[in-house]
Amino acid sequence: MGRIYLGCLLILAIACNRAKQHAEEEELQGDSSLISIVDSSNAGITDSITAVADTTLQVEAAKLIGKWIQPVAGLDKEMQGFQLRKNGTARSINMYTLVYEKWELAHDTLLLWNHSEGVKDTSTIVDTTIIKELTDTSLILFPVKAAEGYREKYLKRNG
């Protein structure tokens, strides 16, 4: 009698386990959050040329040398900006808390190293901007962290 009882318990345990496995399989198939997705994060984009090869602007570093200014928001008669020097250094113009240190050009991407003065955290930051347009007198930049369509326009100042 004990064997029959033990046999029944074993059959019941196997049946319950199979029902549980079947329910878990149905749950997995219905849950799209568990769909396997290939990780493409190792593909990497080194610069904007890779991202948008057909719309990349060819930029000459020599054209960037100089003082680039724009009106201060809300104070149209006041100007601010930056100066890019031949030796790779940069400096702020009328921005006393934002201090530019150096710059670099990578294809159409302008990198500006800076830090803030007068604040507790003085760590160096690199502003990354895509050059959308460059002439002898104007520079239009798209900061990579900005909303699509946002542009910053600078005019070249002599002297």
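The values are calculated or read from the model by the stated rules, or taken from the named source; none is laboratory data. Bear in mind the structure is a predicted one, so any value in this text is a computation, not a measurement. Positions of Cβ are backbone-derived with ideal geometry, glycine not excepted, and every protein chain shown enters the neighbour counts.
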Fill in the blank from the handout: So, first residue at positive phi in region 93-116, second residue not in a strand (DSSP E or B), Cβ within less than 9 Å, six or more apart or across chains; the pairs are His107/Asp47; His107/Ser48; His107/Ile49; His107/Thr56; His107/Leu57; His107/Gln58; His107/Val59
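Take Ala53 and decide whether it is modelled with pLDDT under 65, more than 20 Å from Pro143 (Cα to Cα) and loosely packed, with under 10 Cβ neighbours inside 10 Å. Outline the logic, then answer.
Details: modelled with pLDDT under 65: yes; more than 20 Å from Pro143 (Cα to Cα): no; loosely packed, with under 10 Cβ neighbours inside 10 Å: yes.
No.
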Handout entry: In region 66-115, residue nearest to the chain's Cα centre (by Cα) [restricted to those that are surrounded by 15 or more Cβ atoms within 10 Å (Cβ to Cβ) and among the polar types (S, T, N, Q)]
Key = Thr109
Problem - Selection count where residues are surrounded by 12 or more Cβ atoms within 10 Å (Cβ to Cβ) and on the phi > 0 side of the Ramachandran plot, scope region 117-159 - result: 0
Practice task
Please find, among Asp136, Asp127, the residue that is assigned by TED's automatic domain parsing to the domain that holds Tyr150, modelled with pLDDT under 95, within 18 Å of Lys67 (Cα to Cα) and not in a strand (DSSP E or B).
Solution key: Asp136
